[in-house]
Amino acid sequence: MAKVLTALQPSGVLHLGNYFGAIEPAVTLQAQHDLTMFVVDYHAITVPQKPDELRRNILFATAAYLACGIDPKKTLLFQQSAVPQHAELAWILQCVARMGELERMTQFKDKAGAKAEKVSVGLFTYPVLMAADILLYDTQTVPVGADQKQHVELARDLAIRFNRDYGETFVVPEPSIRAEGARVMGLDDPTKKMSKSAASAKNYISLLDDEGAILKKVKAAVTDSGAAVRAGEGRPAMTNLLTIYSLVTRRSIKEIENDYLGKGYGDFKADLAEVITLWLKPLQAKIETYLEHEEELVKILDAGAQKARERAERRMKAVRERIGVAL
Ligand code: ADP
Ligand code: TRP
């Protein structure tokens, strides 16, 4: 079975982009692959976090994964910080990575913007921790959204360089980008991806949004000029809304377009809000049930971490030997 690995930040918000770009593909994958999936709390602290909120968010992310269908019997599910080998390998890989390589990372440039002097060093070296995450588990495939491709390519480059300099140690991973729905765009700006760090909460639909919030956000969503409910070139807003409709109903965009021939944006948006709400309700109920049983969540994470530590330590042992620190 191919070794597949992915991870998600423990943010208080998970949105449709996270679901269709990251969580759902992972759930599909676990059926046929050896899947490793974890909550990257050490990635989260690259920007300031409130400790009690971070703790809550780790539990929320876990509850959300489980509610979406991640099965801890099939998938190795754990919390990144519970496996100290991640931080250890990240340090060693920081000594393999080059400044120039990290300076080219577009996510850092986007996130740091003009205040590059003031952001944490961790935000800059974040892709190296991600490389460690991937390389510790002999990962072959990393399913991610398009925005993370550059980071997986860095993991490849670091694996190749380490293997060249110290001898064959790491499997060289491949990114796998989901074609349809890989990028859900912002409702308020369809030229940028849907993101929880967008300026306004109107940018995204959270997995926890209620009916009222969804209706408000969908109604406020930007549309293209003209009146036809049609996707296509030069129609980024409608393409995005139709993509979302298609993802939650599992019907093709063509079919949905046909339903709205001769109808306007108003009808379409009201229906879109409804199909999103219907799709989210059962998921929200499941997340809530998991969160009501916190001890269960912690137990699941602990069991996963124990297995992960054993696997990670095997790889770290080889790394320590190769670089000459094992006596
Ligand atoms: P955000 O931009 O909201 O902070 P993250 O950077 O935490 O999202 O992304 C978590 C995961 O979800 C990653 O695998 C990423 O590729 C995926 N993802 C994030 N936003 C989107 C999106 N709009 N469309 C598709 N996938 C996304
Ligand atoms: N950087 C990824 C993100 O922001 C999360 C992540 C951390 C990750 N480590 C990973 C994704 C390893 C895939 C594999 O979404």
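The values are calculated or read from the model by the stated rules, or taken from the named source; none is laboratory data. All of these numbers come straight from a predicted model, not from anything done at the bench. Glycine gets a Cβ as well: all are built from the backbone with ideal geometry, and neighbour counts include every protein chain shown. Each accessible area value is taken on the protein alone, full model and side chains, heavy atoms only, with ligands, DNA and RNA left out. Shrake-Rupley method; radii C 1.70, N 1.55, O 1.52, S 1.80 Å.
Can you confirm whether residue 301 is outside the structural domain of residue 36 (by TED's automatic domain parsing) and either open to solvent by less than 40 Å² (accessible area, probe 1.4 Å) or touching a residue at least 40 places away in the same chain (Cβ under 8 Å) (or both)? Answer is no for this residue.
Evaluate the following for residue 223: is it open to solvent by less than 20 Å² (accessible area, probe 1.4 Å), assigned to a loop (DSSP other than H, G, I, E, B) and of a type in the set (Val, Ile, Thr)?
Details: open to solvent by less than 20 Å² (accessible area, probe 1.4 Å): no; assigned to a loop (DSSP other than H, G, I, E, B): yes; of a type in the set (Val, Ile, Thr): yes.
For residue 223, the condition - open to solvent by less than 20 Å² (accessible area, probe 1.4 Å), assigned to a loop (DSSP other than H, G, I, E, B) and of a type in the set (Val, Ile, Thr) - is not met.
Here is a check on your reading of the model: is residue 197 in a loop (DSSP other than H, G, I, E, B) and within 12 Å of ligand 1 (Cβ to nearest atom)? Spell out the reasoning first.
Details: in a loop (DSSP other than H, G, I, E, B): yes; within 12 Å of ligand 1 (Cβ to nearest atom): yes.
Yes: the conditions hold for residue 197.
Look at residue 187 and say whether it is part of a helix (DSSP H, G or I), open to solvent by less than 50 Å² (accessible area, probe 1.4 Å) and modelled with pLDDT of 90 or more. No. Taking the stretch 249-279 as the range and being in a helix (DSSP H, G or I), without any contact (Cβ under 8 Å) to a residue 40 or more places away in the chain and either of a type in the set (A, V, I, L, M) or assigned by TED's automatic domain parsing to the domain that holds residue 16 (or both) as the test, the residues that pass are 253, 256, 275, 278.
Can you work out which of the residues in the stretch 137-164 that are out of contact with any helix residue (DSSP H, G or I) (no Cβ under 9 Å at 6 or more places or on another chain) and in contact (Cβ under 8 Å) with a residue 40 or more places away in the chain is surrounded by the fewest Cβ atoms within 10 Å (Cβ to Cβ)? Don't jump to the end; show me each part of the working.
Within the stretch 137-164, the subset out of contact with any helix residue (DSSP H, G or I) (no Cβ under 9 Å at 6 or more places or on another chain) is 140, 149, 153, 160-161, 163-164.
Those left that are additionally in contact (Cβ under 8 Å) with a residue 40 or more places away in the chain: 140, 161.
On the way: 140: 18, 161: 16.
Across the stretch 137-164, the extreme among qualifying residues is 161.
Counting the residues of the stretch 26-60 that are more than 21 Å from residue 129 (Cβ to Cβ) and within 9 Å of ligand 1 (Cβ to nearest atom) gives 0. Between 132, 112, 116, the distinction of being over 19 Å from residue 161 (Cα atoms) and within 20 Å of the chain's Cα centre (by Cα) belongs to 112 only.
Within the stretch 94-123, the residues that satisfy the criterion of being within 23 Å of residue 192 (Cα to Cα), open to solvent by 30 Å² or more (accessible area, probe 1.4 Å) and among the hydrophobic types (A, V, I, L, M, F, W, C) are 108, 114, 116, 119. Collect the residues in the stretch 126-136 that are open to solvent by 10 Å² or more (accessible area, probe 1.4 Å) and not hydroxyl-bearing (Ser, Thr, Tyr), keeping them in residue-number order. 129, 130 - these are the residues of the stretch 126-136 that are open to solvent by 10 Å² or more (accessible area, probe 1.4 Å) and not hydroxyl-bearing (Ser, Thr, Tyr). Per this entry, residue 285 is counted among residues that are out of contact with any Phe, Trp or Tyr (no Cβ under 9 Å at 6 or more places or on another chain) and either open to solvent by 40 Å² or more (accessible area, probe 1.4 Å) or modelled with pLDDT under 95 (or both).
Only one residue in 192, 202, 196 is within 14 Å of ligand 2 (Cβ to nearest atom) and open to solvent by 50 Å² or more (accessible area, probe 1.4 Å). Which one? Before the answer, list the steps.
Working: 192 fails: within 14 Å of ligand 2 (Cβ to nearest atom); 202 fails: within 14 Å of ligand 2 (Cβ to nearest atom).
None of the other options fit; the residue is 196.
Scanning the stretch 9-18 for residues that are open to solvent by less than 20 Å² (accessible area, probe 1.4 Å) and not in a loop (DSSP other than H, G, I, E, B), which turns out farthest from ligand 2 (Cβ to nearest atom)?
Residues of the stretch 9-18 that are open to solvent by less than 20 Å² (accessible area, probe 1.4 Å), as a first pass: 10-11, 14-17.
In the following step, the residues that additionally are not in a loop (DSSP other than H, G, I, E, B) were identified as 15-17.
On the way: 15: 12, 16: 15, 17: 10 Å.
Selected residue: 16.
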